[in-house]
Amino acid sequence: MATPKNWQELALRKLGEKNQMPAGLAPGKVFSLEDAPNFQVYEFSPNKKLDQIPGQSLNKGKRYLISGAEWSIMQQSSLLKTTHDLLGERLGYNFTFEEWFEYWENGFSFGLNRVGTTGLTTNYPIRKVGETEGWRTDKSTRPGYLEWRNPSPKFQPGFRVIEYWPDRSDTETSYVLSGSDRDIIQQILNIEWGGSGGIALQERDPLETNDISFKGQPMIRLWFRESKADRDPNYQYVLGKLAFRLIGKTERWDLVDAGKTPLQKLTTAELTQIANRIVQEFAVPTPYRWTKGKISAVYQNKSQGISTYSLVHSQAQGLELYQKLFNVIGLTFDDTKLRFSQHVNETGAFPVDPPNMNVLGKTMGGIRKRPYTHVYFTGAVLMVESLSYNISLVKNQTVVFDESKFAQAINSL
């Protein structure tokens, strides 16, 4: 563009530029005042806070375009904002993960008033009450997280990736979670109360399974985990599990009432009794220690709801383990159904330090099988076919299943 020759030409040019306006979706194009369209175009976001998550804008920094006359712009933005806030309240999107986590790691300490069913006292007090320690009062063991981000803001995906530590003092135990803020919050709650966490990553023997028949009938699963002191730093934590079906029972009361199943109703009172027996057998006075080794203990009695293989260090350990399990189930232990199998050369079959492998031209560490170690009881859950999540019965040494809280949780779905 030529340089103006005098101030009059400069003024006329500036006036012309001022009377021009952008052509909406045509980048770089402008209209003269005479050709300007009779509408306006605005960029709109219903919630600026949610769009400015550091390094992880879920809509990748985009805005939504609305256009029309001035009155129409106001109407559109008002309707969009109201719809966004209404759905956000109903679906749980009006807060960020960071906001929720601040409350979570502090044990929701804002909840001073605990109201609801008469006669119930919280198991998670803000501070120590009698023998019950305050929830999250030990700052060193509170949960923690790290967010995984791409260094370039232009290449952020439309979801978040979080590495989560249930106990920040146990730096070796973390889980990689992904999804929206709401998804990640639900995953954290599943880890906390579901009992298993990232169990799929464990090293386990192909025989160590719980392939129980009577599919569809409720299952109770007990979890065990290697302690940090016992863990070999070169390998993941060793885990253990025991499970049994509640034969002849169903959680679907509606099917029983309609005469569509011969099964009997599983009651919350029965679950509370089972949870108490689990605590008695496996949690007090200290978490039960299961010594795992290279011997396979096999117990099969499908009429009782058990068909399982477990690895033990000795026959005495296997016998004790299943006797305690039957005390929980409330059935008579039948030692004729228990058998053991053992390799002649255990060291050769299951070396402590397995040799490296060459997989597709790359050297990889060998897979460790049947390590000798101790795993300790950590919790128990109920698994039912009609729900997509587990119902926690016992966590560490405490019965966490509560009939009233369970009913409230179901009614809130």
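Where a number appears in this text, it was derived from the coordinates with a stated rule and is not lab data. Model, not experiment: these values are computed from the prediction. Virtual Cβ from ideal backbone geometry, glycine too; neighbours counted across all protein chains shown.
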On the formula 1/(1 + (r/R0)^6), with r taken between the Cβ atoms of PHE155 and THR268 and R0 of 51 Å, the FRET efficiency rounded to 0.05 is 0.55
Under Stokes-Einstein, the range 271-358 at 25 °C and 0.890 mPa s, with its Kirkwood radius over C-alpha pairs, diffuses with a coefficient in µm²/s of 166
Under the rule a/c < 1.5 gives rounded, and otherwise a/b versus b/c splits prolate from oblate, where does the range 292-413 land using the Cα gyration tensor? oblate
Among 233-242, 254-263, 383-392, how do they line up by average Cβ neighbours within 10 Å per residue, starting with the highest? 233-242, 383-392, 254-263
Net charge near PRO355 (other residues with Cβ under 13 Å of its Cβ; Lys, Arg +1; Asp, Glu -1) is +1
Of LYS154/LYS228; LYS249/LYS294; LYS265/LYS292; LYS294/LYS324, which ones are farther than 30 Å apart at the Cα? LYS154/LYS228; LYS249/LYS294; LYS265/LYS292
In nm, give the distance between the simple-model label positions of LYS302 and SER341, each being 7 Å from the Cα along the Cα-to-Cβ direction. 1.7
Taking the dipole about the Cα centre of the range 62-158, with the C-beta of Lys and Arg at +1 and of Asp and Glu at -1, give me whichever of THR122, THR83, TRP148 is farthest to the positive side. TRP148
